[in-house]
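The structure appears right after this line, and notes come after that.
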Ligand code: 9YT
């Protein structure tokens with residue numbers, strides 16, 4: 001479905017009240033692991049210095065969640081990147097990632113980490129092209145293998161992408 005994108009897309013930090021809308025967005029992607037609504041409320045409340053929402057005409061059409069590694073503040077673990085089906089192929093995910101890294105909460109970040117399953121083509125493309133465009137090294141290691149997930153969930157491998165060091169490339 002084509003959507004009128006002439007009206008501006010607003011990028012902003014989430015708040016707890018966005019939890020339900022974020023949950024619906026993630027549910028509708030069909031590719032991401034759907035967490036509880038409560039989890040998305042917590043992200044909006046306690047982790048919103050490192051999360052971002054894309055909003056179009058009052059609807060949440062994009063979300064990126066991330067947190068600084070508790071062990072190392074120069075590592076940003078990007079948890080989920082989601083864009084609504086109606087708004088794909090417009091560079092919204094890359095804008096969210098770029099804008100997020102410019103936030104105050106990400107000033108210490110030199111490495112980005114994310115696990116991305118093979119079927120999540122959009123995020124595979126996003127992270128690799130993000131690194132390539134800025135000539136930032138990237139490595140992919142095992143991450144969380146399929147056999148770590150509960151039986152019958154039929155979960156794919158979650159290879160770990162590490163991108164960095166980022167030095168004045170934003
Ligand atoms: C970058 C990204 O969206 N990773 C997804 C990780 C995992 N499969 C999840 O939480 O959906």
**Asked** Taking N as the number of residues in segment 86-145, what is its Cα Rg relative to 2.2 N^0.38 Å?
**Response** 1.20
**Prompt:** Pick from 39, 51, 106: which is most flexible by mean-square fluctuation in a GNM of the chain where alpha carbon atoms under 10 Å apart are linked?
**Reply:** 39
**Prompt:** Where is the GNM fluctuation largest for the chain (alpha-carbon springs, 10 angstrom cutoff): 121, 96, 41?
**Reply:** 121
**Prompt:** Counting alpha carbon pairs within less than 8 Å and at least 6 residues apart, what relative contact order, in whole percent, applies to segment 92-170?
**Reply:** 39
**Difference of contour (0.36 nm per residue) and Cα-Cα distance, residue 99 to residue 86** = 2.6 nm
**Fill in**
Summing -39500 (n - 2.57) over every DSSP H run of at least 4 residues in the chain and dividing by its residue count gives a helix-only mean residue ellipticity at 222 nm, to the nearest 500 deg cm²/dmol, of -8000 deg cm²/dmol
**Zone residues, segment 22-38, relative to residue 151, backbone N less than 14 Å from point 7 Å out along Cα-to-Cβ** = none
**Asked** How much length is gained if the chain between residue 122 and residue 13 is pulled fully straight, taking 0.36 nm per residue apart and subtracting their Cα-Cα distance, in nm to one decimal?
**Response** 37.0 nm
**Prompt:** Between residue 34 and residue 135, what length in nm is gained on full extension when 0.36 nm per residue of separation is reduced by their alpha carbon distance?
**Reply:** 33.1 nm
**Message:** With just the Cα atoms defining each centre, how far is segment 141-168 from segment 95-120? Give it in Å.
**Reply:** 15
**Message:** Could you list 102, 13 so that the one with the fewest beta carbons within 10 Å of its beta carbon is first and the one with the most is last?
**Reply:** 102, 13
**Request:** Output the antiparallel fraction of DSSP beta bridges having both residues in the chain, as a percent to the nearest 5.
**Result:** 90
**Message:** Order these by the 10 Å Cβ neighbour count, fewest first: 142, 83, 109.
**Reply:** 142, 109, 83
**Prompt:** What Kirkwood hydrodynamic radius, in Å, does segment 1-146 give when the mean of 1/r is taken over all pairs of distinct Cα atoms and then inverted?
**Reply:** 15.6
**Asked** So how do 8, 57, 113 line up by other beta-carbon neighbours within 10 Å, fewest first?
**Response** 8, 57, 113
**Asked** Hey, what did the chain get for relative contact order, percent, Cα under 8 Å, at least 6 apart?
**Response** 18
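Only the coordinates and a few stated rules stand behind these numbers; no lab work does. These numbers come from a predicted model, not from an experiment. Cβ sites come from the backbone with ideal geometry, for glycine too, and all protein chains shown count toward neighbours.
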